[in-house]
Amino acid sequence: MLKQVRGTRDLIGGELNKVTQIYRKVYRVANNYGFSQIETPVIEYADVFVKNLGNDSDVVMKEMYTFIDKSNNTLALRPEFTAPVCRAFITNNLQQRASPLKLICHGPLFRYERPQKGRQRQFHQVNCEIIGEESYLADVEAISLAVNMLKALNIERKVQLELNSLGDEQSYNSYRKALVDYLESHRGDLSSLSQERLVTNPLRILDTKEEGDRRILAGAPIIQDYYNEESEEFFSQVKLGLDAMGIVYKINPLLVRGLDYYSHTTFEFTTNELGAQNAVIAGGRYDRLIQQMGGGKIPAVGFAGGVERISELMDDVDVVSTVVALIPIGEAALMVGLKVAHQLRADGIVVNLFGKGNVKKRFKKAEGSVAAVIIGEQEIESNQLTVKDMSSGSEIKVGYDELLPELKKYYTNSVK
Ligand code: HAM
């Protein structure tokens, strides 16, 4: 039996309808904020990620799909969008347009993680970046956009916004030192993973799920006490901006995120409905990344929403499609039917042509349609077509020119 790869899924029917709906709705909202779309390749040089997400991050250390191609290049299937979007920004010389530049993209991403509910090896994100805006207003706008996307998807009640600031580089480094000093003094009591992280990536320990580690962390220094004046000021402005918009948030000093490029604002929209994988949308400010990648000193902020997790939170969507059944009876009628179907579809009518087989069975199949267009011998002789209203059962005869206006009556606003 052929199977799909572990951690990947086929999307069919209702599930795919939801995903299509997600993209349609989020793009519509992003449009209201002046975003334009960008598409980057699924493969990149592995260095785009290795050098920029953090050598010690889980994504780089354990989860990247890397391979050597036939020209001996080390490539990676992208595990996230921010680094490729910044790479594209630099490669295509978009600096001049960054005032700011607001970019949205979506697509598949790959991380070799242990699959579970809400966690796959091939997953999808909708990703938004505001590039070239140093003011807190961009952070506030990014969060406002995420909230309005969640509203458009009708799941904003199921998530809460958690907010933190990592401060600038100076604040971050002094906090990191204080945290390491504290944790070193408890080293023997930490879990083995946290002991490892104490060397490689100490702030990730704040994310620990281990009870024992959490007890130790309860007495650890917190980042808020290490902000310098500028970092304090920046964070207050973000909070004031969110307050002004009526956006509710909870400060979570343990929210550090798993990727290395963040400074100042970090945020996650989390849910209680998806078990351990509780982050639905996540992001933050990354003022150093573009410069680190060889571009100018260009600040940026953004976020990504996990499409599978969003979809899990959404109710099923009914795709109400106004389908017209076309039932030609006999060979001559079939040729007329082909022509009529071809034209109607060009005119924006959804047509299901039931061209062959037992007539009774064909009418049975047409039962879910709004109307049936019947072409029999009689109709061909009189140069007319029968339109049957499938809910009332009533029939009328129309000329060929009258068919389209007659069928349009079944459509509300969806036909051009
Ligand atoms: P991230 O936190 O790694 O951030 O991922 C963002 C979101 O993608 C998560 O909150 C989750 O919904 C979804 N996600 C991540 N991994 C998986 C998985 N294995 N299966 C299913 N869903 C997953 C980033 O990727 C950053 N690039 C976000 C960002 C954009 N920061 C600034 N701009």
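Within the accessible area of region 16-118, the carbon and sulfur atoms contribute 48%, probe 1.4 Å, all protein chains present.
Taking all protein chains into account, the per residue accessible area for the chain stands at 51 Å² (1.4 Å probe). Sorting ILE290, ILE251 by accessible area puts them as ILE251, ILE290; the probe is 1.4 Å, largest comes first, and only protein heavy atoms count.
Cα centroids of region 252-271 and region 284-344: how far apart, whole angstrom? Using only Cα atoms to place each centre, the spacing works out to 30 Å. For the chain, dividing the convex hull volume of the Cα atoms by the residue count gives 208 Å³ per residue. Taking Cβ atoms as reference points and 11 Å as the exclusive limit, the residues near GLY241 contribute a net charge of -2, counting Lys and Arg as +1 and Asp and Glu as -1.
Normalised by the number of residues in region 257-309, the average gap of Cα pairs under 8 Å and 6 or more apart makes the relative contact order 31 percent.
With a Cα-only, solvent-free Debye model of region 197-272, what are the log10 I(q)/I(0) values at q = 0.16, 0.24, 0.27 Å⁻¹? Log10 I(q)/I(0), no solvent term: -0.73, -1.33, -1.43. For region 243-322, pairs of C-alpha atoms spaced more than 19 angstrom apart make up 54 percent of the total.
The angle between the Cα long axis of helix 136-152 and the longest principal axis of the Cα atoms of the chain comes to about 40 degrees, rounded to the nearest 10.
Pairs of Lys residues in region 99-251, spaced 8 or more positions apart or belonging to different chains, with C-alpha separations under 30 angstrom: 19 in total. Please determine, in degrees from 0 to 90 and to the nearest 10, the orientation of helix 229-244 with respect to the longest principal axis defined by the Cα atoms of the chain, where the helix direction is its Cα long axis. Between helix and principal axis, roughly 30 degrees. Mean silhouette area of region 297-416, derived from the convex hull of its C-alpha atoms and averaged over all directions, reads 12.3 nm². Calculate I(q)/I(0) for region 1-108 by the Debye formula, one identical point scatterer on each C-alpha and no solvent, and give its log10 at q = 0.12, 0.14, 0.16, 0.23 Å⁻¹ to two decimals. Cα-only, vacuum Debye calculation for region 1-108: -0.59, -0.78, -0.96, -1.24. Distance from the alpha carbon centroid of region 180-213 to that of region 66-143 works out to 29 angstrom.
The value of relative contact order for the chain, using C-alpha pairs under 8 Å at least six residues apart, is 16 percent. Neighbours of ILE131 by Cβ distance under 15 Å: Lys/Arg scored +1, Asp/Glu scored -1, total 0.
Each principal axis of the Cα cloud of region 181-317 was taken in turn, and the coordinate range along them, longest first, works out to 49, 42, 33 Å. Mind pulling the angle between the C-alpha long axis of helix 82-91 and the longest principal axis of the chain? Nearest 10 degrees, somewhere in 0 to 90. The two axes meet at around 90 degrees.
The values are calculated or read from the model by the stated rules, or taken from the named source; none is laboratory data. These numbers come from a predicted model, not from an experiment. With ideal geometry, Cβ positions are generated from the backbone for all residues, glycine too; neighbour counts draw on all protein chains shown. Quick note on the areas: whole protein, heavy atoms, side chains included, nothing else; ligands and nucleic acids left out. Shrake-Rupley method; radii C 1.70, N 1.55, O 1.52, S 1.80 Å.
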